[in-house]
1. Go through segment 52-77 and count every residue that is under 21 Å from the mean Cα position of the chain (by Cα) and within 19 Å of residue 150 (Cα to Cα).
2. So which of 113, 85 is touching a Gly at 6+ places or on another chain (Cβ under 8 Å), part of a loop (DSSP other than H, G, I, E, B) and surrounded by 14 or more Cβ atoms within 10 Å (Cβ to Cβ)?
3. Quick check on my filter: what residues within segment 69-82 are open to solvent by 60 Å² or more (accessible area, probe 1.4 Å) and either part of a loop (DSSP other than H, G, I, E, B) or touching a helix residue (DSSP H, G or I) at 6+ places or on another chain (Cβ under 7 Å) (or both)?
4. Has segment 124-132 got at least one residue that is touching a residue at least 60 places away in the same chain (Cβ under 8 Å) and part of a loop (DSSP other than H, G, I, E, B)?
5. Under 9 Å between Cβ atoms, which residue pairs at least 6 apart in sequence (or on different chains) link something in segment 39-59 that is under 13 Å from residue 23 (Cα atoms) with a partner that is open to solvent by 100 Å² or more (accessible area, probe 1.4 Å) and modelled with pLDDT of 80 or more?
6. Out of the residues in segment 23-47 that are at pLDDT 90 or above and more than 24 Å from residue 110 (Cα to Cα), which is most open to solvent (accessible area, probe 1.4 Å)?
Amino acid sequence: MKFFFFRLAVVFSIAYSVQSKACSAFLLTGKEHNVVGFNENWKTMPGMIVINKRDILKRNISWQNLTTDQLRPDTQWTSKFGSVTFNLLGYDFPCYGVNEKGLFLVELYLEETTKVYNAKQPNLFWAQWIQYQLDNYQSVKEVVDHLNDGPNIDWWPNAAGSHFFLTDAKGNFATIALLNGKYTVLTNKEMPMPLLCNNQYSKDLAAAKKFDFLGGNEKFDPDQNKN
């Protein structure tokens, strides 16, 4: 499995910078490999790297399961694929990770996030939702195709949620946001740059187009544009 991971993707966890104002994730593609870069906007980031095996029985864990005596799961599944994840909250609760087929997911804070709810589906805390995708799917297309028939995402109460950046072994990429009660998905065709930060993609792209490096008239000076 280690050999497979090194061939398919290299995941960089970039150290926190005092000048950094936002999380960011990007994809670089080569002839025989893809590289995903990601920085977490935290001053400190304790956690652990977890090797998640295939063929393991899992159960859903919602916010209610985490905070009450209600422990009975609504659904169970068996992991189809192994993965390596970076976990801040514990086993099966990754912030980001990659599976043995090359599917990579990461969450980034997004203020405008709303809940998408399907009464027929179980609730998963947002971090376990990431693990669910890595357990079950091997491509960006598979994740996107199963969004509406997959588990609901539980967020922290009284706090904004996240949007997600995902890539796969073939160099496909997408962003998934939960806006106005619906999943909003942008894929390769709608994203001229495979890059995501803490704003809606279209808003950040529009803001960046005024600068000279994207054909605009305003000179970009990193010393004057720390945000």
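The values are calculated or read from the model by the stated rules, or taken from the named source; none is laboratory data. The structure presented is a predicted model; accordingly, all values stated were derived computationally and were not measured. Counting neighbours? That spans all protein chains shown, and the Cβs are built from the backbone with ideal geometry, glycine included. Side chains are part of the model used for accessible areas, which takes the heavy atoms of the whole protein and leaves out ligands, DNA and RNA. Shrake-Rupley method; radii C 1.70, N 1.55, O 1.52, S 1.80 Å.
1. Count: 7.
2. 113
3. Initially, segment 69-82 is screened for residues open to solvent by 60 Å² or more (accessible area, probe 1.4 Å), giving 69-72, 74, 76, 78, 80.
Selection gives 69, 70, 71, 72, 74, 80.
4. Among the residues of segment 124-132, not one is touching a residue at least 60 places away in the same chain (Cβ under 8 Å) and part of a loop (DSSP other than H, G, I, E, B), which makes the answer no.
5. Filtered contacts from segment 39-59: 41/109.
6. Taking segment 23-47 as the starting set, the residues that turn out to be at pLDDT 90 or above are 24-29, 34-38.
Narrowing further to those that are more than 24 Å from residue 110 (Cα to Cα): 29, 34.
Values: 29: 93, 34: 13 Å².
Per the criteria, the residue is 29.
Every residue, every condition in (1) at pLDDT 95 or above; (2) hydrophobic (A, V, I, L, M, F, W, C); (3) open to solvent by 60 Å² or more (accessible area, probe 1.4 Å), yes or no:
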position: 131; (1), (2), (3): yes, no, no
position: 134; (1), (2), (3): yes, yes, no
position: 137; (1), (2), (3): yes, no, no
position: 175; (1), (2), (3): yes, no, no
position: 197; (1), (2), (3): no, yes, no
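One line per residue, one yes/no per condition, for (1) part of a strand (DSSP E or B); (2) of a type in the set (Ser, Thr, Tyr):
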| residue | (1), (2) |
| --- | --- |
| 134 | no, no |
| 141 | no, no |
| 147 | no, no |
| 150 | no, no |
| 157 | no, no |
| 162 | yes, yes |
| 174 | yes, no |
| 177 | yes, no |
| 186 | yes, no |
